[in-house]
Each structure stands twice: as structure tokens, then as C-alpha cells.
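One structure is given here, and the rest of the page talks about it.
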Amino acid sequence: MKPRNNVDSADAVLTLRNTIWAFPYLAVMGLIWGYLADESSGAIVGLAAAAAISVLIGSATTILNRTPVARVVNKLSGPGRSTIGVRQQLAADLNVVRYHKLCHRFDDALIKIEEVLAKDPDFAEALLLKAQILWEGFEDCKAARECLLKIMAVEPDEKAVFHRWALNFYEELSNGHRPAAAVAETQRLAIGHHFARTLNK
């Protein structure tokens with residue numbers, strides 16, 4: 001019975017960890033969109049929905065990690081070689097980065113994304129997020145383009161999603177245009193600041 005108890009405890013810890021990591025980002029989005037829908041009562045509903053979705057995400061990731069496919073992947077890849085396993089773990093860290101970025105805390109976002117890339121330097125999604133942070137938070141066009149070039153190098157297939165996104169972002173930066181993703185982010189931040197000011201009144 002003891003090994004089974006250990007498995008259950010590990011599953012509970014994994015579920016709690018993934019729930020906690022998912023909640024901040026979902027909570028912000030739930031508050032904003034809930035408030036826009038129906039002010040204070042909508043914000044409460046949005047926050048409750050974010051909590052429920054976070055629990056579902058935490059439970060779902062735990063269940064997926066217990067599936068036969070996940071176990072086979074881990075066995076085949078072996079210790080230190082499981083890129084898929086590592087990126088599943090780092091995906092939660094990216095949610096933390098996105099939350100910092102959404103709150104305009106670009107210094108914290110950059111520190112966290114550097115931690116992610118230290119564990120997986122070729123993680124295309126993390127590199128794209130870093131490029132966005134460097135441009136939107138610091139207007140460091142050169143460093144942002146270096147990240148985008150690396151994405152295109154690690155994903156040379158021109159049909160790959162991150163390759164196309166990186167190429168579009170790179171071309172917009174090179175042409176002196178403000179990327180559409182940055183504009184959308186600015187709009188979301190403006191909504192968030194308006195919501196915060198309203199609550200403080």
C-alpha cells in the first residue's frame with residue numbers, strides 16, 4: 001500500500017503546483033473580462049471561473065502524466081534527454097512569465113524567461129516570448145531580433161508555426177513597424193489599468 005500512497009501524494013503535489021501556476025494568469029483575464037461584462041459581479045464570476053479552470057488544468061495535467069503514452073515517452077527518451085518532458089514542466093513557468101508581462105513587470109518577466117531558457121536554450125516558444133519582452137518592455141530591437149533568428153534556426157521548417165511567427169515579427173521590426181502582438185498587449189494592459197483604477201475609487 002505504501003508505494004500507492006507515494007504515487008497519490010506525488011499526484012496531489014503536481015496537481016496543486018499546476019493549479020497555482022495557472023491561476024494568476026487566468027485570474028487576471030477573468031477579472032478583466034468579467035468586469036467588462038458586468039462590473040463588480042462579473043469580476044467575481046470571472047475570478048470564480050478562473051479558479052475552477054485552474055483546478056481543471058491542474059487535474060488534467062496530472063492525469064496526462066499518468067497515461068501510458070506519457071510513460072512510454074519518458075522511457076524512450078531516457079534521463080536528461082526528455083525534451084518533451086522538460087518542456088511540459090517549463091510550460092507552467094511560461095504562464096508565470098506571461099503574467100508578469102501582462103502586469104507590465106518586464107524586469108521580472110525577463111528574469112523568469114532567462115531561467116526557462118537556461119534549462120532549454122532551444123525552446124522556440126520561450127524565445128518568442130523573450131523577444132516580445134525585450135521589444136515591448138525595453139525596446140531592444142537588436143536583442144529581440146537575435147531571439148527571432150534563433151527560433152528560425154532551431155525550427156528551419158518554414159511551415160512551422162513558431163518559424164512563421166518569428167519571421168513575421170522579425171520583418172515588422174526590421175521595417176520599423178510596431179508588431180501587432182505588441183499593440184494587442186498594450187490594449188489589454190490599458191483595460192487592466194482602467195479596471196484597477198475603478199476598483200481604487
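Spacing of the modelled spin labels on K142 and V55, each 7 Å from Cα toward Cβ, amounts to 5.1 nm. Length gained on full extension, A118 to E171: 16.4 nm, using 0.36 nm per residue less the C-alpha separation. The radius of gyration of the Cα set in the stretch 100-151, together with its Dmax, comes out at 10.0, 27 angstrom. Electrostatic tally near L167: other residues with Cβ closer than 14 Å to its Cβ, Lys and Arg +1, Asp and Glu -1, net -1.
Readers should treat all values here as calculations from the given coordinates under stated rules, not as data from a laboratory. Remember, it's a predicted structure, so these values are computed and weren't measured experimentally. In this analysis, Cβ positions are derived from the backbone assuming ideal geometry, glycine residues included, and neighbour counts consider all displayed protein chains.
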